[in-house]
2 protein chains.
Amino acid sequence: VALTAPTALLLSIGSELLLGETVDINAAWLGRELAALGVDLRGVRQIPDDRGVIAGAFAAGLAEHDLVLATGGLGPTHDDLTRGGLADALGEELFEDEGLAGALRDRFGGDAWMPASNLRQAQLIASAKPLDNPIGSAPGWWVEREGRFVALMPGVPAEMQLMWIAQVAPRLQGKLGLRPLAMRTVKTFGLGESAVAERLGDLLEAPGESIDAGIYARDDGVHLRFSTRLDASRLEDPVRRAISALGDDVYGTDAETLPRLALAALQRGGASTLASLESGTDGALLAILAAHQAAEGEARYRGGALLVDGERPQAPAAADAVLTVRLAAQGALGRSRVAVDLAAPGMGFDTRVARIHGSGQQRPRRAAFAALDLVRRAGITTEGGA
Amino acid sequence: VALTAPTALLLSIGSELLLGETVDINAAWLGRELAALGVDLRGVRQIPDDRGVIAGAFAAGLAEHDLVLATGGLGPTHDDLTRGGLADALGEELFEDEGLAGALRDRFGGDAWMPASNLRQAQLIASAKPLDNPIGSAPGWWVEREGRFVALMPGVPAEMQLMWIAQVAPRLQGKLGLRPLAMRTVKTFGLGESAVAERLGDLLEAPGESIDAGIYARDDGVHLRFSTRLDASRLEDPVRRAISALGDDVYGTDAETLPRLALAALQRGGASTLASLESGTDGALLAILAAHQAAEGEARYRGGALLVDGERPQAPAAADAVLTVRLAAQGALGRSRVAVDLAAPGMGFDTRVARIHGSGQQRPRRAAFAALDLVRRAGITTEGGA
């Protein structure tokens, strides 16, 4: 099997993107999906609701790539021009598909209820097959022409994701004979990017044959990423070497997160629930734990209070453990000092200090992650001593 | 003065964008800035760390547009290729600038402390002037060639934003003779998009000469936007007509937000501080209020607790007022019921119910905004009755 992956271009269509009214979260989501599937996404283009520009972008994409994906511009109004743009690029005519028109009428409960403009969403071209949209009125399109593929999907993230997962991704796997990109991430906290690189020696430059390596500074620490289009087992060696070089500064791999590990350490210590107190962090700890909870569908974080200078701290909610973080105010640059206290059965501690790097905007989240990392480390120490 | 705005292309450079490791929030931020400044952003391209691709994108952008902006790829490592790509596109040679090299050495506290690779960040071409980066090591570039302009900025949002505000935007205003786009937003809560459109009659279709109108459904309500490149005072008439047609369902204009209005209503009623309780909302109310507080630099929100079924609610923090929101679990689609209670001096209420629309992902935030809107409305009623 060839090691070269099929290539793709993504068109994110809509003037609201270029005006900054909407952040294009679809691009990153599809980027991750395409990488995992083994398609090499070579570019993303945000373009306006302009039929000529859209047609030109489809034509240019199809001249260079195996696959062109598009999101947005499938609505019922006059500035939804994705269908027309693709028709122009392919030299085909739009026509109203009777099946789609009937389905739309049914969706609206009959002719009388459907705005006439919605019939735009029943348009097709000869080489397109409709893609079902179970949670919205805009059907997608799947087009095959001369060994190349186009998928049009709605811009609403939930609709796009459902259509991708159920209909587009399976078709691509079937048609393109894909080699998935295997990827492993090693996550560290407490070291700077250059210190991590130094401890790794030549691992980043020479991670192994047909393996790519990258290093990324994030609010939740410095991450290493190893990837290959060959067998995933090749990645075990560089991951093992990285963990061995970095020791306890590695907190996990892949989908592991500091909130999850901190809550797991507390659980092992006997604390099922957590509340938080913070100052100087703009509620970052509370926001991170609430987002973690929402993502995991848990009910172990019970809430947090924001401490105000000169007032007596008060436990914010009934919980087994209370984590307190105070970020000292400082100038716009350089290192900051974070003081962390943990009241928890068996593993609590008073005022440990962490130092974090980063600009003013990054510091609150980095301070919160530093606190969660100290909880994780306290869990290791406790177990080591037991 | 011509009404046609100068056009621009934005290149977002970095393979991590195409792999979905990073969401390109810079594009939307710059999109808003460019629109306000009077530059017509015609496209955004996310491209990989590939010098040939980068050079091709700069060349294509400069052939078509007055301005090409780029973010990312200015770091010190071998895959930071934006400088080289632009040099290739312009047919110029990279050289090491002594002034930049000296400034970098100073930043690192002397030669011995600076990794040699950082000298890449001291590279320039003859037609580029460096742009200072007070909070990071990567200087930007400002390039003028044959009446066209290029600005290279770092990918780290805080560094990019500071460089844009202090150095790039002022240069553009000076060089391009810009006509700013005047924009007004009218924000409503409690009505669906089609109900808002119906109450407005023909205002969206005919907002006035040289005025554009748009309608957008957001988690914090349906927003109307009016814009013009002529005098800003032209927008007063459509804004006044919208407010008059929509009455109390309008909560504000432009930068007004529901958290700010709810806190202001409480303040007028005598409650300086607020705490929250919520269930079924994944901490959305807490997250919105913490983010508001961080953005405004306030200390009036004191924290929130997440209610767990079967446990007794407990005030999460010492505060004058407590807002409670409960979102009933429901299927993936359709309307949901939100129950809201407010304990507050003079304006508290028991269990008011709001109904919200939206998919599963949207509901928690919409429920939180519905609660804040009920607080805002309670403030109006109280004052009306006083």
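Annotations
- Relative to the longest principal axis of the Cα atoms of chain B, the long axis of helix B:51-64 makes an angle of roughly 80 degrees.
- B:ILE243-B:ASP350 FRET efficiency (beta carbon distance; Förster radius 22 Å; 0.05 resolution): 0.10
- Dipole axis of chain B (+1 Lys, Arg; -1 Asp, Glu on Cβ), positive-most option in B:ILE215, B:ALA195, B:ALA112: B:ALA195
- Rounded to 5, the percent of DSSP beta bridges in chain A classed as antiparallel: 60 percent
- Counting Cβ atoms of other protein chains within 10 Å of each Cβ in B:39-47 and taking the mean gives 6.
- Lysines whose Cα lies under 29 Å from that of B:LYS175, excluding same-chain neighbours fewer than 8 positions away: B:LYS129
- Annotation: the antiparallel percentage among DSSP beta bridges lying fully within the protein assembly as shown is about 60.
- Label zone at B:SER210, where the point sits 7 Å out along the Cα-to-Cβ direction: region B:182-202 residues whose backbone N lies under 20 Å: B:182-185
- Simple point charges give the picture: +1 on the Cβ of Lys and Arg, -1 on the Cβ of Asp and Glu, and for the protein assembly as shown a dipole about the Cα centre of about 1520 debye.
- Over chain A: helical MRE at 222 nm, DSSP H runs n ≥ 4 each giving -39500 (n - 2.57), nearest 500: -10000 deg cm²/dmol
- Region B:100-114 and region A:148-217 have Cα centres spaced 35 Å apart.
- Each Lys and Arg adds +1 at its Cβ and each Asp and Glu adds -1 at its Cβ; summed about the Cα centre, region B:72-223 shows a dipole of about 340 debye.
- The length gained by stretching the chain between B:GLU146 and B:LEU119 to full extension, at 0.36 nm per residue less their Cα-Cα distance, is 6.8 nm.
- Compared with the dominant principal axis of the Cα atoms in chain B, helix B:258-269 is inclined by about 50°.
- Positive dipole terminus of the protein assembly as shown, leading residue within B:LEU10, B:LEU286, B:ALA255 (C-beta point charges): B:LEU286
- Sorted peptide list for B:101-110, A:336-345, criterion being average Cβ within 10 angstrom, highest first: A:336-345, B:101-110
- Entry note, chain A: relative contact order of 11 percent, from Cα contacts under 8 Å with a spacing of 6+ residues.
- Averaged over B:286-298, number of beta-carbon atoms from partner chains that fall within 10 Å: 4
- Seen against the Cα atoms of chain B and their longest principal axis, helix B:363-385 is set at about 60 degrees.
- The charge dipole of chain B, taken about its Cα centre with unit charges on the Cβ atoms of Lys, Arg (+1), Asp and Glu (-1) only, comes to about 1160 debye.
Every number here is computed from the coordinates shown, using simple stated rules; none is lab data. Keep in mind the model is a prediction, meaning the values are calculated, not measured. Cβ sites come from the backbone with ideal geometry, for glycine too, and all protein chains shown count toward neighbours.
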